[in-house]
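Structure record follows, encoded as structure tokens.
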There are 2 protein chains.
Amino acid sequence: MENLLNEVKFDDKGIVVAVAQDYITNEVLMVAYMNKESLEITLNEKRACYYSRSRQSLWRKGETSGHWQNLKGLYYDCDADAILMKVEQIGNACHTGAYSCFFNKVFEDNVTDQAILNRLYNQIIDRRDN
Amino acid sequence: MENLLNEVKFDDKGIVVAVAQDYITNEVLMVAYMNKESLEITLNEKRACYYSRSRQSLWRKGETSGHWQNLKGLYYDCDADAILMKVEQIGNACHTGAYSCFFNKVFEDNVTDQAILNRLYNQIIDRRDN
């Protein structure tokens, strides 16, 4: 763990951006921030703990709402300045009551179910064969 | 578009964080940043354009590598300070040659294929019935 904490590049305010996604569907649930301590807590307690920039304090997600994010995976990116978590979301991620915070749609292309099924089919065949 | 550009909350440096995910598998590919101009270009050209904080310039992803991200969806979150894109990734997202930038694994719980299949099955039944 000490290695990881030294590896991750916290910015000049001591924080790093963190993305949470549903561990089964991969839906992106929210984007928030972590400092070193919250990252440590997340890994120790196996539940997402963020750092609230507005309140300038640790934010154990779910502590007041019960909407915990149980940790299923944690990754960082190639230049170590972004964290990705796969979580089991209890209840909803968003304080508005939405499952994901990203409910504001600006643009969406027409992706047909057929295209998705074709892609899934090819992936399954690929996994079977490789 | 003018509405959106006024809606999104760019920070004191004029940038906002942006997450790109594969439009079919929902795999998170990368996290980068946009300024107002790059968001406008992304929506106009239907390809991800970021703002490089290190180079302090527009970054049309794929311009030199050919690894374009064709825009399939664009969303912003409940407090309008994060952008989410669904993209068709041409080639790889990461400059290391990896498909996703998040290849550094810190922790991963053992999620069985059976659990995933159960969840998928329930979703399909749910979509059929609702």
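The values are calculated or read from the model by the stated rules, or taken from the named source; none is laboratory data. Nothing here was measured: the structure is a model prediction, and the numbers come from that model. Cβ: placed from backbone, ideal geometry, glycine included. Neighbour counts: every protein chain shown. Ligands, DNA and RNA are excluded from the accessible area calculation, which covers all protein heavy atoms including side chains. Shrake-Rupley method; radii C 1.70, N 1.55, O 1.52, S 1.80 Å.
Annotations for the structure displayed:
- B:Ile24 - accessible surface, heavy atoms, 1.4 Å probe, Å² rounded to 10: 30 Å²
- Accessible-area order (highest first, 1.4 angstrom probe) of the listed residues B:Met34, B:Met1: B:Met1, B:Met34
- Over the range B:2-102, Cα pairs under 8 Å with separation of 6+ residues give a relative contact order of 28 percent.
- Selected from B:Asp11, B:Asp109, B:Asp22 as most flexible by GNM, with chain B as the system and alpha-carbon contacts under 10 Å: B:Asp109
- Ranked from largest to smallest solvent-accessible area, with a 1.4 Å probe on the protein heavy atoms, B:Leu39, A:Leu120 come out as A:Leu120, B:Leu39.
- Net charge of neighbours whose Cβ lies under 12 Å from the Cβ of B:Val28, counting Lys and Arg as +1 and Asp and Glu as -1: -3
- In chain B, helices alone account for a calculated mean residue ellipticity at 222 nm of -7500 deg cm²/dmol, with every DSSP H run of four or more residues adding -39,500 (n - 2.57).
- Of all accessible heavy-atom area on chain B, the percent that carbon and sulfur account for (1.4 Å): 44 percent
- Its Cα gyration tensor gives the protein assembly as shown an equivalent ellipsoid; the semi-axes, largest first and in whole Å, are 25, 25, 19.
- Distance between the range B:29-94 and the range A:21-79 - C-alpha centres, whole angstrom: 24 Å
- Among B:Gln89, B:Gln21, B:Gln56, residue whose mean-square fluctuation peaks in a GNM of chain B (springs only between Cα atoms under 10 Å): B:Gln56
- Share of pairwise Cα separations in the range B:2-102, more than 20 Å, in percent: 30 percent
- In Å², nearest 10: area of A:Lys105 left accessible to a 1.4 Å probe: 130 Å²
- Size of the range B:52-129 as Cα extents on the principal axes (Å, biggest first): 48, 29, 25
- When the listed pairs A:Lys36/B:Lys72; A:Lys46/B:Lys72; A:Lys9/A:Lys72; A:Lys86/B:Lys61 are checked against a 29 Å cut-off, the alpha-carbon distance exceeds it for A:Lys36/B:Lys72; A:Lys46/B:Lys72.
- If only the Cβ of Lys and Arg carry +1 and only the Cβ of Asp and Glu carry -1, the dipole of the protein assembly as shown around its Cα centre is close to 20 debye.
- Å² of accessible area per residue within the protein assembly as shown, as computed with a 1.4 Å probe and no ligands counted: 54 Å²
- Rolling a 1.4 Å probe over the protein chains gives B:Arg47 an accessible area of about 90 Å².
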